[in-house]
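Below: one structure, written as structure tokens.
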């Protein structure tokens, strides 16, 4: 086989054989196929697409580029949740402890922020001492002890995805349903789980802008999960406005702890409990949605979820006292409140612009090599559809540098629109795409 | 501007601005834009295409990546010929001396073999001592002295093309009319010529398989030449069977010398004289095709063309005595004749397969780093449509290694098909696409 022949085949719109896909992925993993050939094939895939069989073969090849973790020596059903990305989307830090508190085993491997969206690993690293980079043995030991770990992809898991993902980010080849599907599913399948809930976001703050594309993506991922023996379901959710109030790493950690204390924003609590409940159903711990939601909510109300988070933080080297004392988290030296300039209704609260404002303040990376300021971010004081009065606070920027503040304020001014009237916002949960 | 935004724009089928194209090409030239981003854009261009304005902007950006040579201190009209590639296509070594012998100035910069096709530089390097790598000053001095130089692209000429061309070869992005157009025309425009004849090949042995694509390519190139002040015309030629008898570097040099001695194959002589004549018309030396052909043929008959070739070889450090003594050229130690296994008509004489057989013997490169064996190749003893008898020689392989011979024989067995009857072959010259 030759890389150029495979590239040309896809370039010309033909279907690649599983053998060709496997051979190419092995070449990328070993370094035998250079980046410039990989990016040419990626672009051909973005433009020409891949059918379900090709996408499954790509996922499989990426799983096989590393190990498929064997967690059979840890008792209990292993389940995980993955989100396709959003702004203020911090459900992982809430639902993982809740599900673990109810008896599920949650070996969660997450990613970093991408573009205007936040990443679970960046949020966790706001916690002093918290280690997201566990070796595979450490990961298994912690999972056995605590029932939940929150880490980054270990080097054994889908190394081909790690390489291709980095390349896609800098070659305009992120926006492709088959590539997104294979990237997400290969990591999750390799993780060694039995059940998976996908939070497929759609809207202004998501990478998938339309419900139709989100549905196609969700169906494809559910199909591949099933094919690989992972019970998979997808929840389509709206990502028009930020989730919860907080956007920015340390601020989001505080909001997660508050939610586990029963004091979180309603939308965030509701979705976190729902997703935790779906994990309990997939894990076979609950036989019905009602029972699962009751258990998940009980873990929240009783403080069992909060205790589990404390345990996770301590086991991964972090300062668990942050749960009781937020002053132990990084905090920005300056605040700036933006107020409503008129009476009216919040007609727009643009998640992408809020996310970009937070990134501009330093909460995200503009370049791969940028470091993250865990203290800065944005607090959103209103919800879509809220009635507000002139002078009422809309958002509060937590900032370090006045230069960055100025750029962020420009974005925030566009992000929130007050109008005389506004249509009702979409519900948070749009649709459930189940297995079987 | 950001490379990723430009890549995405073309990926999504939009038209790039001249500024964006220029910025990207400058980045590729300086190395600021890495190969993996360049190949992603190249693939997007191959699949999405470029309109005439984009192609012109790309050509212009590639010209501006280096110098546009100023040859005004050399008296006389400067003209050149370029072929889009073929098998046994050796007209350059005949027509350039013929046109120069008639008073045209021919600053010919050529390329190396690509895939199954031969390259003028590789052929010239069969001549002991011949230097194709002149510096720009040496090039001008030799052109002033002799009226013709046969060299490779100097480093000053379209360096962006040099980089992109090497990348296209290994990323499946060769077959694109706008990329082919910009690559050819940028080099030729930068060379400093006043007139250009394009030999646009089409058929089994060419890169452009259909007449329709060849015509589109030819029209596009003629348009860009005109726009840049170079009088340009294109001749569409068939490339079904090899041109002339010889395929392989040293063997082709001998055939060129034989042709300049009036003993060459009819098809090769005819096309070389025609192309030389078109150069004389574009140079303003002849006012009519008839007069131009008469002059070109006279240069052949009188031996003036041969004398000019001798002069070119000597001026570029080569052993001009090869013209009189072919034993001074590299020669393969072994020969193998393939004979007709039945009576009939030559129904196929596949240029691509003959080219691949010659490449397999060592006359071309399978990998960029391969070195070339100037002695080996294939002599074709029959023409398409010839009647042959069983046992009659069809092709003769000149080879060094028996291993390579075996692989070449398999290709040659497919290359020549004898049938009871066969349609008349296409004419060599299919169409002329003129300027104005």
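Can you give me the ranges of the helices (runs of 4 or more DSSP H) entirely in region A:1-117 with at least 1 residues that are in contact (Cβ under 8 Å) with a residue 60 or more places away in the chain and either under 20 Å from the mean Cα position of the chain (by Cα) or more than 14 Å from every other protein chain (Cβ to nearest Cβ) (or both)?
On the way: elements: A:3-11, A:18-30, A:35-48, A:52-64, A:92-101.
Helices (runs of 4 or more DSSP H) meeting the threshold: A:18-30, A:52-64, A:92-101.
Mind checking which helices (runs of 4 or more DSSP H) fall wholly inside region A:298-415 and carry at least 1 residues that are in the same structural domain as residue A:132 (by TED's automatic domain parsing), touching a strand residue (DSSP E or B) at 6+ places or on another chain (Cβ under 6 Å) and closer than 30 Å to residue A:136 by Cβ?
Values: elements: A:304-315, A:351-358, A:402-415.
Filter on region A:298-415 gives A:304-315.
Residue B:150: within 14 Å of chain A (Cβ to nearest Cβ), crowded, with 21+ Cβ neighbours inside 10 Å and at pLDDT 95 or above, yes or no?
Values: within 14 Å of chain A (Cβ to nearest Cβ): no; crowded, with 21+ Cβ neighbours inside 10 Å: yes; at pLDDT 95 or above: yes.
No: the conditions fail for residue B:150.
Residues are listed down the side, and each one gets a yes or a no for (1) free of Cβ contacts under 8 Å to residues at least 40 places away in the same chain; (2) under 23 Å from residue B:302 (Cβ atoms); (3) more than 14 Å from chain A (Cβ to nearest Cβ); (4) in contact with a helix residue (DSSP H, G or I) (Cβ under 6 Å, 6 or more places away or on another chain):
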site: B:185; (1), (2), (3), (4): no, no, yes, yes
site: B:189; (1), (2), (3), (4): no, no, yes, yes
site: B:202; (1), (2), (3), (4): no, no, yes, yes
site: B:219; (1), (2), (3), (4): no, no, yes, no
site: B:235; (1), (2), (3), (4): no, no, yes, no
site: B:270; (1), (2), (3), (4): no, yes, yes, no
site: B:276; (1), (2), (3), (4): no, yes, yes, yes
site: B:283; (1), (2), (3), (4): no, yes, yes, no
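Conditions (1) surrounded by fewer than 23 Cβ atoms within 10 Å (Cβ to Cβ); (2) in the same structural domain as residue A:362 (by TED's automatic domain parsing); (3) in contact with a strand residue (DSSP E or B) (Cβ under 6 Å, 6 or more places away or on another chain); (4) closer than 28 Å to residue A:125 by Cβ, marked per residue:
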residue	(1), (2), (3), (4)
A:198	no, no, yes, yes
A:208	no, no, yes, yes
A:212	yes, no, no, no
A:215	yes, no, no, no
A:237	no, no, yes, yes
A:249	no, no, no, yes
A:258	yes, no, no, yes
A:279	no, no, yes, yes
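Looking at (1) surrounded by 21 or more Cβ atoms within 10 Å (Cβ to Cβ); (2) part of a loop (DSSP other than H, G, I, E, B), can you tell me which one residue B:161 breaks?
Result: residue B:161 passes all but (2).
Right, residue A:192: surrounded by fewer than 24 Cβ atoms within 10 Å (Cβ to Cβ) and either at positive phi or not assigned by TED's automatic domain parsing to the domain that holds residue A:280 (or both) or not?
Spelling it out, residue A:192 is indeed surrounded by fewer than 24 Cβ atoms within 10 Å (Cβ to Cβ) and either at positive phi or not assigned by TED's automatic domain parsing to the domain that holds residue A:280 (or both).
So that you can scan it fast, the table gives a plain yes or no per residue for (1) at pLDDT 95 or above; (2) surrounded by fewer than 24 Cβ atoms within 10 Å (Cβ to Cβ); (3) farther than 20 Å from residue B:304 by Cα:
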{"residue": "B:42", "(1), (2), (3)": "yes, no, yes"}
{"residue": "B:46", "(1), (2), (3)": "yes, no, yes"}
{"residue": "B:57", "(1), (2), (3)": "yes, yes, yes"}
{"residue": "B:71", "(1), (2), (3)": "yes, yes, yes"}
{"residue": "B:79", "(1), (2), (3)": "yes, no, no"}
{"residue": "B:87", "(1), (2), (3)": "yes, no, yes"}
{"residue": "B:95", "(1), (2), (3)": "yes, no, no"}
{"residue": "B:99", "(1), (2), (3)": "yes, no, no"}
{"residue": "B:111", "(1), (2), (3)": "no, yes, yes"}
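Just to be sure, is residue A:410 modelled with pLDDT under 95 and over 23 Å from the mean Cα position of the chain (by Cα)?
no
The values are calculated or read from the model by the stated rules, or taken from the named source; none is laboratory data. Since the model is a prediction, treat every value here as computed from it, not as a measurement. Ideal geometry is used to build each Cβ from the backbone, glycine not excepted, and the neighbour counts take in all protein chains shown.
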